[in-house]
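Asker: I'd like to ask you about the structure that follows.
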């Protein structure tokens, strides 16, 4: 395909997507002659992404040159505005140091992905002799502290709790750690990283296995089983605890497996309760602590079990919560995409091409697209979805 033909195809795909109605179902948009399966498109690195289409990007091959190159699970990701990249950590997957690991608890290897240019960069290998690092991190809280330019990692589950020892002579520990983007080193655990444990301890992955940073209040935020909201003021190093209630004294939403997302402008945290009736998107108002249960569309398919992770992402430009409907942590294709407009309270539901899988989900502000990664069956790929053009991601 000539460069001119490729440009025309990209522009046509974008035009078709932009003309779709707000409730349109995503249809087959694959380019003629593309290696992508039917229903996804391939866009050359550096080119604008079309709206309302699923873009497929193949992973590198051969020696490990990316995060979850051959798939994995339990990973975490956040967007780093300085790097204009997604930063991945946590989980079970094969790293650049196969001599040291068997694919489990390898989340101390940290990668950055410049999504716009499909460019990977290793920030820290899995195991560094004589250096402090979390002891085999698997499910973790992983959030970007923009005030101090560091990644915050908290338990979840670390394999050190099952007796794991460093295979390279690193200094393993259990607790909260901070990863400096300046030095590319961890500090910790806990107090030495400025992350004192909550009053009832970190709690393992049956407590809280995700985390968020709220730059408005300089807080590290966790939603814990109970359910409860835990907020650490990073300047004062003090915790605020709140029991969460939806009015049902028997409410058991299993938030430890549900990925939260933060609307910084609206000062709200969202996560999914897939186990109550009705199944709901939960909104926690960080200004007054109120809790709202927003019923999910009837299309939503429940996960296979309460030990399965549930994913979502927040698009701050379009102000929508994006819900890739995984039912088995990305083992099979997602069952659809829920879109919730936080300012109007309106839902949309979109069909998804049958080849889209993901076990780690986040939002790339540089391109204005949600990303899903971690496919465990070849051909290995990651996927992007841009809801619509906005001030975020329009650069």
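The values are calculated or read from the model by the stated rules, or taken from the named source; none is laboratory data. Small disclaimer: the values here were computed from a predicted structure and weren't measured. We place every Cβ from the backbone using ideal geometry, glycine too, and count neighbours over all the protein chains shown.
Asker: Just to be sure I understand, how many residues within the range 181-221 are under 25 Å from residue 281 (Cβ atoms), touching a helix residue (DSSP H, G or I) at 6+ places or on another chain (Cβ under 9 Å) and not in a loop (DSSP other than H, G, I, E, B)?
Answerer: 2
Asker: Check the range 116-124 and report whether any residue there is touching a helix residue (DSSP H, G or I) at 6+ places or on another chain (Cβ under 7 Å) and farther than 24 Å from residue 369 by Cβ.
Answerer: Checked the range 116-124: no residue is touching a helix residue (DSSP H, G or I) at 6+ places or on another chain (Cβ under 7 Å) and farther than 24 Å from residue 369 by Cβ.
Asker: With the checklist (1) in contact with a helix residue (DSSP H, G or I) (Cβ under 8 Å, 6 or more places away or on another chain); (2) crowded, with 24+ Cβ neighbours inside 10 Å in hand, flag the one item residue 142 doesn't pass.
Answerer: (1)
Asker: If the requirement is being in contact (Cβ under 8 Å) with a residue 40 or more places away in the chain and touching a helix residue (DSSP H, G or I) at 6+ places or on another chain (Cβ under 7 Å), which of these qualifies: 310, 371?
Answerer: Details: 371 fails: touching a helix residue (DSSP H, G or I) at 6+ places or on another chain (Cβ under 7 Å).
310 is the lone residue from the list that is in contact (Cβ under 8 Å) with a residue 40 or more places away in the chain and touching a helix residue (DSSP H, G or I) at 6+ places or on another chain (Cβ under 7 Å).
Asker: Let me ask another. From 132, 70, 106, grab the single residue that is surrounded by fewer than 19 Cβ atoms within 10 Å (Cβ to Cβ) and within 21 Å of residue 176 (Cβ to Cβ). Steps first, answer last, please.
Answerer: Details: 70 fails: within 21 Å of residue 176 (Cβ to Cβ); 106 fails: surrounded by fewer than 19 Cβ atoms within 10 Å (Cβ to Cβ).
Unique residue meeting the criteria: 132.
Asker: Could you check the range 222-241 and list, in sequence order, the residues that are on the phi < 0 side of the Ramachandran plot and either in contact (Cβ under 8 Å) with a residue 60 or more places away in the chain or part of a loop (DSSP other than H, G, I, E, B) (or both)?
Answerer: Initial filter on the range 222-241 (on the phi < 0 side of the Ramachandran plot): 222-225, 227-236, 238-241.
Matches in the range 222-241: 222, 223, 225, 227, 229, 234, 235, 236.
Asker: Now for a separate question. Looking only at the range 264-282, how many residues end up being at negative phi and either without any contact (Cβ under 8 Å) to a residue 40 or more places away in the chain or surrounded by fewer than 19 Cβ atoms within 10 Å (Cβ to Cβ) (or both)?
Answerer: Residues of the range 264-282 at negative phi: 264-266, 268-282.
Still in the running and either without any contact (Cβ under 8 Å) to a residue 40 or more places away in the chain or surrounded by fewer than 19 Cβ atoms within 10 Å (Cβ to Cβ) (or both): 264-266, 273-280, 282.
Looking only at that region, the number is 12.
Asker: Can you name the residue in the range 287-316 that is farther than 20 Å from residue 251 by Cβ and over 17 Å from the mean Cα position of the chain (by Cα) and is also surrounded by the fewest Cβ atoms within 10 Å (Cβ to Cβ) among such residues?
Answerer: 298
Asker: Quick check: is even one residue across the range 173-194 in contact (Cβ under 8 Å) with a residue 60 or more places away in the chain, closer than 21 Å to residue 74 by Cα and touching a strand residue (DSSP E or B) at 6+ places or on another chain (Cβ under 7 Å)?
Answerer: There is at least one residue in the range 173-194 that is in contact (Cβ under 8 Å) with a residue 60 or more places away in the chain, closer than 21 Å to residue 74 by Cα and touching a strand residue (DSSP E or B) at 6+ places or on another chain (Cβ under 7 Å).
Asker: Taking residue 375 as meeting all but one of (1) modelled with pLDDT of 95 or more; (2) under 17 Å from the mean Cα position of the chain (by Cα), write down the number of the exception.
Answerer: So the condition that residue 375 fails would be (1).
Asker: Looking at (1) more than 26 Å from residue 374 (Cα to Cα); (2) more than 17 Å from the chain's Cα centre (by Cα), find the lone condition where residue 181 falls short.
Answerer: In the conditions (1) more than 26 Å from residue 374 (Cα to Cα); (2) more than 17 Å from the chain's Cα centre (by Cα), residue 181 misses (1) alone.
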